[in-house]
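Input: a single structure, listed below in C-alpha coordinates.
The values are calculated or read from the model by the stated rules, or taken from the named source; none is laboratory data. Remember, predicted model here, so these are calculated numbers, not experimental data. Methodologically, a virtual Cβ is constructed for each residue, glycine included, from the backbone with ideal geometry; neighbour enumeration extends over all protein chains shown.
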Amino acid sequence: MDNVNQQDFSPEILKEVDRQLEIISRQTVDLLPLDEFRAKLARSIRDQVPLRIKQGFDPTSTDIHIGHAVGIRKLRQFQDLGHQIVLIVGDYTALVGDPSGQSATRPQLSHEQIMTNAETYQEQFFKILDRSRTEVVFNGDWFEKLAFSEVMLLASKYTVARILERDDFTKRMKANTPISVHELFYPLMQGYDSVAIKADLELGATEQTFNLLAGRTIQEAYGQERQCILTMPILVGTDGVKKMSKSLGNYIGVDEAPREMFGKVMSIPDECIYQYFQLATDWPPAALDEVKQKLESGKTNPMEIKRELGVTIVNMYHKSGSGETAADEFKRMFSQKQEPDDMPETTGSYLRKLGIDPDRIYLVHLIAKSNLAKSNSEARKLITAGSVRLDGEKVTDVDYEFALDREIVLKVGKRRYLRLIPN
(Lines give C-alpha, C1' and ligand atoms only; values in the text may rest on other atoms or scores of the structure.)
Protein backbone atom coordinates (compact mmCIF):
# COMPACT_ATOMS: atom_id res chain seq x y z
CA MET A 1 0.00 0.00 0.00
CA ASP A 2 1.30 3.48 -0.86
CA ASN A 3 1.93 6.20 1.68
CA VAL A 4 -1.05 8.16 3.02
CA ASN A 5 -2.25 10.55 0.32
CA GLN A 6 -3.07 13.75 2.16
CA GLN A 7 -5.80 14.55 -0.38
CA ASP A 8 -7.70 11.33 0.37
CA PHE A 9 -8.24 12.13 4.04
CA SER A 10 -9.59 15.10 5.96
CA PRO A 11 -7.41 17.01 8.44
CA GLU A 12 -9.55 15.55 11.25
CA ILE A 13 -8.79 11.98 10.13
CA LEU A 14 -5.07 12.69 9.83
CA LYS A 15 -5.08 14.22 13.29
CA GLU A 16 -6.76 11.09 14.66
CA VAL A 17 -4.17 8.94 12.88
CA ASP A 18 -1.40 10.83 14.68
CA ARG A 19 -3.21 10.54 18.02
CA GLN A 20 -3.64 6.77 17.70
CA LEU A 21 -0.07 6.28 16.47
CA GLU A 22 1.30 8.11 19.50
CA ILE A 23 -0.57 5.72 21.82
CA ILE A 24 0.20 2.59 19.79
CA SER A 25 3.92 3.39 19.55
CA ARG A 26 4.52 3.84 23.28
CA GLN A 27 6.91 1.29 24.83
CA THR A 28 7.32 -0.62 21.54
CA VAL A 29 10.37 -1.52 19.46
CA ASP A 30 9.33 -1.47 15.79
CA LEU A 31 6.16 -0.71 13.84
CA LEU A 32 6.83 -1.95 10.31
CA PRO A 33 6.34 -0.74 7.66
CA LEU A 34 5.23 2.51 9.28
CA ASP A 35 3.91 4.11 6.08
CA GLU A 36 1.80 1.05 5.32
CA PHE A 37 0.34 1.10 8.80
CA ARG A 38 -0.44 4.82 8.61
CA ALA A 39 -2.38 4.16 5.41
CA LYS A 40 -4.25 1.21 6.96
CA LEU A 41 -5.09 3.28 10.02
CA ALA A 42 -6.27 6.29 8.02
CA ARG A 43 -8.50 4.09 5.87
CA SER A 44 -9.87 2.35 8.97
CA ILE A 45 -10.81 5.68 10.58
CA ARG A 46 -12.29 7.08 7.37
CA ASP A 47 -14.37 3.97 6.60
CA GLN A 48 -15.17 3.24 10.25
CA VAL A 49 -13.94 -0.34 9.83
CA PRO A 50 -11.79 -1.57 12.76
CA LEU A 51 -8.37 -3.02 12.02
CA ARG A 52 -7.94 -6.71 12.84
CA ILE A 53 -5.09 -6.95 15.35
CA LYS A 54 -3.66 -10.42 15.91
CA GLN A 55 -1.51 -12.07 18.53
CA GLY A 56 -0.91 -15.78 18.96
CA PHE A 57 -0.26 -17.76 22.13
CA ASP A 58 0.95 -21.34 22.29
CA PRO A 59 -0.41 -22.84 25.55
CA THR A 60 2.75 -24.72 26.47
CA SER A 61 2.28 -24.04 30.22
CA THR A 62 -0.58 -23.17 32.57
CA ASP A 63 0.25 -19.56 33.39
CA ILE A 64 0.33 -16.23 31.63
CA HIS A 65 2.89 -14.00 33.31
CA ILE A 66 3.41 -10.24 33.29
CA GLY A 67 5.99 -10.69 30.53
CA HIS A 68 3.18 -11.97 28.27
CA ALA A 69 1.04 -9.11 29.55
CA VAL A 70 3.35 -6.53 27.93
CA GLY A 71 1.80 -7.47 24.59
CA ILE A 72 -1.70 -8.16 25.91
CA ARG A 73 -1.88 -4.69 27.47
CA LYS A 74 -0.89 -3.22 24.11
CA LEU A 75 -3.78 -5.19 22.60
CA ARG A 76 -6.05 -3.55 25.16
CA GLN A 77 -4.88 -0.15 23.93
CA PHE A 78 -5.86 -1.13 20.38
CA GLN A 79 -9.18 -2.34 21.75
CA ASP A 80 -9.79 0.98 23.53
CA LEU A 81 -9.06 2.75 20.23
CA GLY A 82 -11.89 0.78 18.63
CA HIS A 83 -10.01 -1.98 16.82
CA GLN A 84 -10.81 -5.70 16.75
CA ILE A 85 -8.54 -8.01 18.73
CA VAL A 86 -8.12 -11.60 17.53
CA LEU A 87 -6.31 -13.99 19.88
CA ILE A 88 -4.99 -17.16 18.28
CA VAL A 89 -4.72 -20.02 20.75
CA GLY A 90 -2.11 -22.20 19.05
CA ASP A 91 -3.30 -25.69 19.85
CA TYR A 92 -1.63 -26.89 16.61
CA THR A 93 1.42 -24.60 16.57
CA ALA A 94 2.08 -25.72 20.16
CA LEU A 95 2.40 -29.28 18.84
CA VAL A 96 5.40 -28.04 16.83
CA GLY A 97 6.84 -25.57 19.33
CA ASP A 98 8.17 -22.16 18.36
CA PRO A 99 11.91 -22.46 17.59
CA SER A 100 12.44 -18.73 18.27
CA GLY A 101 15.25 -18.30 20.78
CA GLN A 102 15.69 -22.06 21.16
CA SER A 103 19.03 -23.85 21.07
CA ALA A 104 17.39 -27.28 20.69
CA THR A 105 14.15 -28.85 19.54
CA ARG A 106 11.34 -28.24 22.04
CA PRO A 107 9.82 -31.33 23.68
CA GLN A 108 6.43 -32.08 22.14
CA LEU A 109 3.33 -31.87 24.33
CA SER A 110 0.22 -34.00 23.89
CA HIS A 111 -2.87 -32.29 22.50
CA GLU A 112 -4.63 -33.08 25.80
CA GLN A 113 -1.95 -31.18 27.77
CA ILE A 114 -2.18 -28.25 25.38
CA MET A 115 -5.98 -27.99 25.64
CA THR A 116 -5.83 -28.15 29.46
CA ASN A 117 -3.36 -25.25 29.44
CA ALA A 118 -5.52 -23.37 26.93
CA GLU A 119 -8.44 -23.29 29.38
CA THR A 120 -6.38 -21.41 31.95
CA TYR A 121 -5.00 -19.08 29.26
CA GLN A 122 -8.50 -18.00 28.28
CA GLU A 123 -9.41 -17.21 31.90
CA GLN A 124 -6.28 -15.09 32.33
CA PHE A 125 -6.56 -13.17 29.03
CA PHE A 126 -9.62 -11.39 30.35
CA LYS A 127 -7.92 -9.98 33.40
CA ILE A 128 -6.68 -7.46 30.83
CA LEU A 129 -8.86 -7.60 27.71
CA ASP A 130 -12.56 -6.86 27.27
CA ARG A 131 -14.10 -10.29 26.67
CA SER A 132 -17.06 -8.85 24.73
CA ARG A 133 -14.73 -7.24 22.17
CA THR A 134 -12.26 -10.10 21.71
CA GLU A 135 -12.29 -12.96 19.22
CA VAL A 136 -10.62 -16.11 20.53
CA VAL A 137 -9.93 -18.76 17.93
CA PHE A 138 -7.94 -22.02 17.89
CA ASN A 139 -5.69 -22.61 14.90
CA GLY A 140 -6.66 -26.27 15.01
CA ASP A 141 -9.97 -25.06 13.57
CA TRP A 142 -8.26 -24.69 10.18
CA PHE A 143 -5.14 -26.84 10.40
CA GLU A 144 -6.95 -30.07 11.20
CA LYS A 145 -9.03 -29.57 8.03
CA LEU A 146 -6.11 -28.99 5.65
CA ALA A 147 -5.59 -31.80 3.15
CA PHE A 148 -2.00 -32.90 2.57
CA SER A 149 -2.09 -31.23 -0.85
CA GLU A 150 -2.95 -27.93 0.86
CA VAL A 151 -0.08 -28.40 3.32
CA MET A 152 2.25 -28.88 0.33
CA LEU A 153 0.80 -25.73 -1.26
CA LEU A 154 1.56 -23.80 1.94
CA ALA A 155 5.10 -25.19 2.03
CA SER A 156 5.64 -24.03 -1.58
CA LYS A 157 5.07 -20.40 -0.57
CA TYR A 158 8.38 -20.10 1.30
CA THR A 159 11.94 -21.23 0.65
CA VAL A 160 14.22 -23.29 2.87
CA ALA A 161 16.95 -20.68 2.35
CA ARG A 162 14.71 -17.98 3.86
CA ILE A 163 13.87 -20.15 6.88
CA LEU A 164 17.50 -21.07 7.49
CA GLU A 165 18.40 -17.36 7.54
CA ARG A 166 16.99 -17.07 11.03
CA ASP A 167 19.62 -16.83 13.77
CA ASP A 168 18.19 -19.70 15.82
CA PHE A 169 18.69 -22.22 13.03
CA THR A 170 22.03 -20.77 11.89
CA LYS A 171 23.49 -21.14 15.39
CA ARG A 172 22.18 -24.67 15.73
CA MET A 173 23.61 -25.70 12.35
CA LYS A 174 27.03 -24.28 13.28
CA ALA A 175 26.88 -26.17 16.59
CA ASN A 176 25.77 -29.38 14.80
CA THR A 177 22.58 -29.36 16.89
CA PRO A 178 19.74 -31.24 15.14
CA ILE A 179 16.87 -29.31 13.54
CA SER A 180 13.73 -31.36 13.03
CA VAL A 181 11.81 -30.88 9.78
CA HIS A 182 8.60 -30.09 11.66
CA GLU A 183 10.27 -27.00 13.20
CA LEU A 184 10.64 -25.50 9.71
CA PHE A 185 6.85 -25.44 9.46
CA TYR A 186 6.36 -23.17 12.46
CA PRO A 187 6.71 -19.77 10.70
CA LEU A 188 4.56 -21.07 7.84
CA MET A 189 1.83 -22.09 10.27
CA GLN A 190 1.97 -18.78 12.11
CA GLY A 191 1.78 -16.98 8.76
CA TYR A 192 -1.20 -19.09 7.68
CA ASP A 193 -2.95 -18.04 10.91
CA SER A 194 -2.79 -14.47 9.57
CA VAL A 195 -4.35 -15.64 6.29
CA ALA A 196 -7.13 -17.48 8.14
CA ILE A 197 -8.19 -14.45 10.22
CA LYS A 198 -7.22 -11.74 7.65
CA ALA A 199 -4.90 -9.88 10.04
CA ASP A 200 -4.10 -6.21 9.43
CA LEU A 201 -1.36 -6.17 12.07
CA GLU A 202 0.35 -8.85 14.11
CA LEU A 203 1.94 -8.14 17.47
CA GLY A 204 4.74 -10.10 19.10
CA ALA A 205 7.99 -9.89 21.08
CA THR A 206 11.18 -8.88 19.29
CA GLU A 207 12.29 -12.52 19.09
CA GLN A 208 9.17 -13.14 16.97
CA THR A 209 10.25 -10.73 14.20
CA PHE A 210 11.12 -13.49 11.71
CA ASN A 211 7.76 -15.22 12.16
CA LEU A 212 5.84 -11.93 11.93
CA LEU A 213 7.58 -10.99 8.68
CA ALA A 214 6.97 -14.49 7.31
CA GLY A 215 3.26 -13.79 7.81
CA ARG A 216 3.49 -10.89 5.35
CA THR A 217 4.99 -13.19 2.71
CA ILE A 218 2.39 -15.92 3.26
CA GLN A 219 -0.52 -13.46 3.11
CA GLU A 220 0.76 -11.99 -0.15
CA ALA A 221 1.15 -15.49 -1.61
CA TYR A 222 -2.52 -16.16 -0.82
CA GLY A 223 -3.64 -12.90 -2.43
CA GLN A 224 -4.22 -10.91 0.78
CA GLU A 225 -3.02 -7.46 1.72
CA ARG A 226 0.10 -7.88 3.86
CA GLN A 227 -0.11 -7.37 7.61
CA CYS A 228 2.03 -4.82 9.38
CA ILE A 229 4.02 -5.92 12.42
CA LEU A 230 4.47 -4.43 15.87
CA THR A 231 7.28 -5.77 18.04
CA MET A 232 7.37 -5.41 21.80
CA PRO A 233 10.37 -5.38 24.15
CA ILE A 234 11.04 -8.46 26.27
CA LEU A 235 10.61 -8.11 30.03
CA VAL A 236 13.52 -9.52 32.01
CA GLY A 237 12.64 -12.02 34.71
CA THR A 238 12.84 -11.52 38.46
CA ASP A 239 16.46 -12.71 38.34
CA GLY A 240 17.32 -9.59 36.32
CA VAL A 241 19.25 -11.68 33.78
CA LYS A 242 17.11 -13.85 31.50
CA LYS A 243 13.75 -13.16 29.89
CA MET A 244 10.75 -13.92 32.07
CA SER A 245 9.81 -17.58 31.74
CA LYS A 246 7.89 -20.09 33.79
CA SER A 247 10.38 -22.82 32.92
CA LEU A 248 13.18 -20.68 34.39
CA GLY A 249 11.15 -19.94 37.53
CA ASN A 250 11.77 -16.18 37.20
CA TYR A 251 8.20 -15.19 36.39
CA ILE A 252 5.32 -13.32 38.04
CA GLY A 253 2.02 -14.95 37.06
CA VAL A 254 -1.02 -12.73 36.47
CA ASP A 255 -3.11 -15.24 38.41
CA GLU A 256 -0.85 -15.49 41.45
CA ALA A 257 -2.04 -14.47 44.90
CA PRO A 258 -1.39 -10.81 45.83
CA ARG A 259 1.11 -11.76 48.55
CA GLU A 260 3.14 -13.95 46.17
CA MET A 261 2.99 -11.38 43.37
CA PHE A 262 4.08 -8.51 45.61
CA GLY A 263 6.90 -10.54 47.14
CA LYS A 264 8.25 -11.43 43.72
CA VAL A 265 8.23 -7.78 42.64
CA MET A 266 10.18 -6.87 45.77
CA SER A 267 12.79 -9.49 44.85
CA ILE A 268 13.77 -7.95 41.50
CA PRO A 269 17.19 -6.26 41.29
CA ASP A 270 17.14 -2.48 41.74
CA GLU A 271 18.48 -1.95 38.23
CA CYS A 272 15.30 -3.54 36.81
CA ILE A 273 12.85 -1.23 38.61
CA TYR A 274 12.52 1.32 35.81
CA GLN A 275 12.08 -1.35 33.10
CA TYR A 276 9.28 -2.93 35.15
CA PHE A 277 7.54 0.45 35.51
CA GLN A 278 7.89 0.95 31.75
CA LEU A 279 6.72 -2.45 30.58
CA ALA A 280 4.64 -3.92 33.41
CA THR A 281 2.51 -0.89 34.36
CA ASP A 282 0.35 1.66 32.58
CA TRP A 283 2.00 4.69 34.14
CA PRO A 284 2.01 7.69 31.77
CA PRO A 285 5.28 9.14 30.39
CA ALA A 286 5.42 12.02 32.89
CA ALA A 287 5.14 9.64 35.85
CA LEU A 288 7.80 7.36 34.35
CA ASP A 289 10.14 10.35 34.03
CA GLU A 290 9.61 11.08 37.72
CA VAL A 291 10.50 7.48 38.64
CA LYS A 292 13.63 7.69 36.52
CA GLN A 293 14.71 10.93 38.21
CA LYS A 294 14.18 9.43 41.68
CA LEU A 295 16.26 6.38 40.81
CA GLU A 296 19.07 8.42 39.25
CA SER A 297 19.22 10.99 42.04
CA GLY A 298 19.78 8.35 44.73
CA LYS A 299 17.80 10.45 47.20
CA THR A 300 14.97 7.92 47.47
CA ASN A 301 15.47 4.41 48.84
CA PRO A 302 14.91 1.98 45.92
CA MET A 303 12.83 -0.21 48.25
CA GLU A 304 10.26 2.60 48.53
CA ILE A 305 10.05 2.89 44.75
CA LYS A 306 9.86 -0.89 44.43
CA ARG A 307 7.04 -0.95 46.98
CA GLU A 308 5.08 1.47 44.78
CA LEU A 309 5.77 -0.77 41.80
CA GLY A 310 4.55 -3.85 43.67
CA VAL A 311 1.37 -2.13 44.83
CA THR A 312 0.65 -0.96 41.27
CA ILE A 313 1.15 -4.39 39.69
CA VAL A 314 -0.92 -6.24 42.31
CA ASN A 315 -3.79 -3.76 41.94
CA MET A 316 -3.74 -4.26 38.15
CA TYR A 317 -4.63 -7.95 38.48
CA HIS A 318 -6.58 -8.03 41.75
CA LYS A 319 -9.29 -5.94 43.37
CA SER A 320 -8.43 -2.37 44.32
CA GLY A 321 -6.54 -2.17 47.60
CA SER A 322 -5.01 -5.64 47.28
CA GLY A 323 -1.63 -4.10 46.58
CA GLU A 324 -1.62 -2.03 49.75
CA THR A 325 -2.73 -5.04 51.81
CA ALA A 326 0.03 -7.19 50.30
CA ALA A 327 2.59 -4.44 51.01
CA ASP A 328 1.54 -4.19 54.65
CA GLU A 329 1.70 -7.96 55.05
CA PHE A 330 5.12 -8.06 53.39
CA LYS A 331 6.37 -5.49 55.89
CA ARG A 332 5.07 -7.53 58.84
CA MET A 333 6.51 -10.77 57.50
CA PHE A 334 9.96 -9.57 56.52
CA SER A 335 10.63 -6.42 58.50
CA GLN A 336 8.92 -7.54 61.70
CA LYS A 337 9.38 -11.31 61.11
CA GLN A 338 5.68 -12.06 61.65
CA GLU A 339 3.54 -14.68 59.94
CA PRO A 340 0.76 -13.57 57.56
CA ASP A 341 -2.70 -13.07 59.06
CA ASP A 342 -4.35 -15.25 56.47
CA MET A 343 -2.75 -18.42 55.19
CA PRO A 344 -4.20 -21.57 53.64
CA GLU A 345 -5.18 -24.27 56.11
CA THR A 346 -5.54 -28.02 55.87
CA THR A 347 -6.74 -30.63 58.32
CA GLY A 348 -5.81 -34.19 59.17
CA SER A 349 -8.96 -35.50 57.51
CA TYR A 350 -8.15 -33.67 54.27
CA LEU A 351 -4.61 -35.05 54.34
CA ARG A 352 -6.08 -38.55 54.41
CA LYS A 353 -7.96 -37.74 51.19
CA LEU A 354 -4.61 -36.83 49.66
CA GLY A 355 -3.24 -40.21 50.70
CA ILE A 356 -1.17 -38.81 53.59
CA ASP A 357 -1.33 -40.41 57.03
CA PRO A 358 -1.60 -37.55 59.63
CA ASP A 359 0.18 -39.79 62.17
CA ARG A 360 3.18 -40.21 59.90
CA ILE A 361 3.52 -37.31 57.46
CA TYR A 362 6.37 -37.58 54.97
CA LEU A 363 7.35 -33.92 54.51
CA VAL A 364 8.31 -34.26 50.82
CA HIS A 365 4.87 -35.67 49.94
CA LEU A 366 3.10 -33.02 52.01
CA ILE A 367 4.88 -30.16 50.20
CA ALA A 368 4.25 -31.61 46.73
CA LYS A 369 0.62 -32.69 47.29
CA SER A 370 -0.22 -29.32 48.90
CA ASN A 371 1.04 -27.55 45.73
CA LEU A 372 3.81 -25.79 47.63
CA ALA A 373 6.18 -27.35 45.09
CA LYS A 374 5.61 -28.70 41.59
CA SER A 375 6.94 -32.17 42.32
CA ASN A 376 8.57 -34.42 44.92
CA SER A 377 11.98 -33.68 43.39
CA GLU A 378 11.45 -29.93 43.74
CA ALA A 379 10.31 -30.45 47.36
CA ARG A 380 13.53 -32.34 48.08
CA LYS A 381 15.60 -29.52 46.56
CA LEU A 382 13.81 -26.95 48.72
CA ILE A 383 14.43 -29.00 51.87
CA THR A 384 18.10 -29.54 51.01
CA ALA A 385 18.51 -25.81 50.33
CA GLY A 386 17.18 -24.98 53.81
CA SER A 387 14.04 -23.34 52.43
CA VAL A 388 11.55 -25.34 54.54
CA ARG A 389 10.55 -24.65 58.14
CA LEU A 390 8.10 -26.24 60.56
CA ASP A 391 7.02 -23.82 63.30
CA GLY A 392 10.06 -21.71 62.49
CA GLU A 393 12.53 -24.59 62.73
CA LYS A 394 14.54 -25.31 59.58
CA VAL A 395 14.25 -28.87 58.22
CA THR A 396 17.05 -30.14 55.95
CA ASP A 397 16.43 -33.90 56.13
CA VAL A 398 14.68 -35.04 52.92
CA ASP A 399 13.43 -38.14 54.76
CA TYR A 400 11.85 -36.12 57.58
CA GLU A 401 8.55 -37.42 58.96
CA PHE A 402 6.32 -36.07 61.72
CA ALA A 403 2.92 -36.56 63.35
CA LEU A 404 0.15 -33.96 63.23
CA ASP A 405 -0.50 -33.94 67.00
CA ARG A 406 -0.86 -30.15 67.30
CA GLU A 407 -1.35 -27.09 65.11
CA ILE A 408 1.78 -26.61 62.98
CA VAL A 409 2.79 -23.89 60.49
CA LEU A 410 4.71 -25.05 57.43
CA LYS A 411 6.73 -22.45 55.55
CA VAL A 412 8.22 -23.16 52.11
CA GLY A 413 10.48 -20.58 50.52
CA LYS A 414 9.97 -16.94 51.42
CA ARG A 415 6.23 -16.54 50.99
CA ARG A 416 4.43 -19.91 50.93
CA TYR A 417 2.68 -20.97 54.13
CA LEU A 418 0.34 -23.76 55.18
CA ARG A 419 -1.33 -24.15 58.56
CA LEU A 420 -1.81 -27.80 59.55
CA ILE A 421 -4.68 -28.48 61.94
CA PRO A 422 -5.25 -31.87 63.69
CA ASN A 423 -8.76 -33.20 64.11
Query - Test: residue 385 is under 27 Å from residue 303 (Cβ atoms) and surrounded by fewer than 16 Cβ atoms within 10 Å (Cβ to Cβ) - result: yes
Report task. Scan region 163-219 residue by residue and report those that are out of contact with any Ser or Thr (no Cβ under 8 Å at 6 or more places or on another chain) and exposed (fewer than 15 other Cβ atoms within 10 Å of the Cβ). Result -> 165, 167, 170, 173, 174, 176, 181, 182, 198
Requested in this report: Report yes if residue 304 is modelled with pLDDT under 95, under 26 Å from residue 416 (Cα atoms), surrounded by fewer than 20 Cβ atoms within 10 Å (Cβ to Cβ) and more than 22 Å from the chain's Cα centre (by Cα), otherwise no.
Outcome: yes
Query raised in the report: Out of curiosity, is residue 67 of a type outside the set (Ser, Thr, Tyr) and in a loop (DSSP other than H, G, I, E, B)?
Result: yes
Report summary line: Checked region 138-162 for anything buried (at least 16 other Cβ atoms within 10 Å of the Cβ), out of contact with any Asp or Glu (no Cβ under 6 Å at 6 or more places or on another chain) and of a type in the set (A, V, I, L, M, F, W, C); matches are 142, 143, 154
Query raised in the report: Does residue 249 meet the test of being within 23 Å of residue 374 (Cβ to Cβ) and assigned to a loop (DSSP other than H, G, I, E, B)?
Result: yes
**Report entry** In region 204-242, the residues that are under 24 Å from residue 254 (Cβ atoms), of a type outside the set (A, V, I, L, M, F, W, C) and assigned to a helix (DSSP H, G or I)
**Finding:** 206, 207, 208, 211
Report summary line: Scanning region 408-423 for residues that are assigned to a loop (DSSP other than H, G, I, E, B) and over 18 Å from residue 357 (Cβ atoms), the one modelled with the highest pLDDT turns out to be 413
Requested in this report: Identify, by number, the condition in (1) surrounded by fewer than 18 Cβ atoms within 10 Å (Cβ to Cβ); (2) of a type in the set (D, E, K, R); (3) within 35 Å of the chain's Cα centre (by Cα) that residue 415 doesn't meet.
Outcome: (1)
Query - Of all residues in region 369-388 being under 21 Å from residue 257 (Cα atoms), not hydrophobic (A, V, I, L, M, F, W, C) and not in a loop (DSSP other than H, G, I, E, B), the one that is farthest from the chain's Cα centre (by Cα) - result: 369
Report summary line: For residue 332, the lone unmet condition from (1) part of a helix (DSSP H, G or I); (2) more than 28 Å from residue 234 (Cβ to Cβ); (3) within 21 Å of the chain's Cα centre (by Cα) is (3)
Query - Options 51, 31: the member that is in contact with a His (Cβ under 7 Å, 6 or more places away or on another chain) and either surrounded by 17 or more Cβ atoms within 10 Å (Cβ to Cβ) or closer than 30 Å to residue 243 by Cα (or both) - result: 51
Requested in this report: Test residue 401 against the stated conditions and say whether it is surrounded by fewer than 16 Cβ atoms within 10 Å (Cβ to Cβ), over 30 Å from the mean Cα position of the chain (by Cα) and within 21 Å of residue 333 (Cα to Cα).
Outcome: no
Requested in this report: Tally the residues that are assigned to a loop (DSSP other than H, G, I, E, B) and of a type in the set (D, E, K, R), restricting the search to region 261-288.
Outcome: 1
**Report entry** Hits in region 389-406 (condition: touching a Leu at 6+ places or on another chain (Cβ under 7 Å) and not in a strand (DSSP E or B))
**Finding:** 395, 400, 404
**Report entry** Options 293, 278, 336: the member that is at pLDDT below 90 and of a type outside the set (Phe, Trp, Tyr)
**Finding:** 336
Report summary line: By residue number, the members of region 129-148 that are closer than 14 Å to residue 53 by Cβ and either under 19 Å from the mean Cα position of the chain (by Cα) or hydrophobic (A, V, I, L, M, F, W, C) (or both) are 129, 130, 134, 135, 136, 137
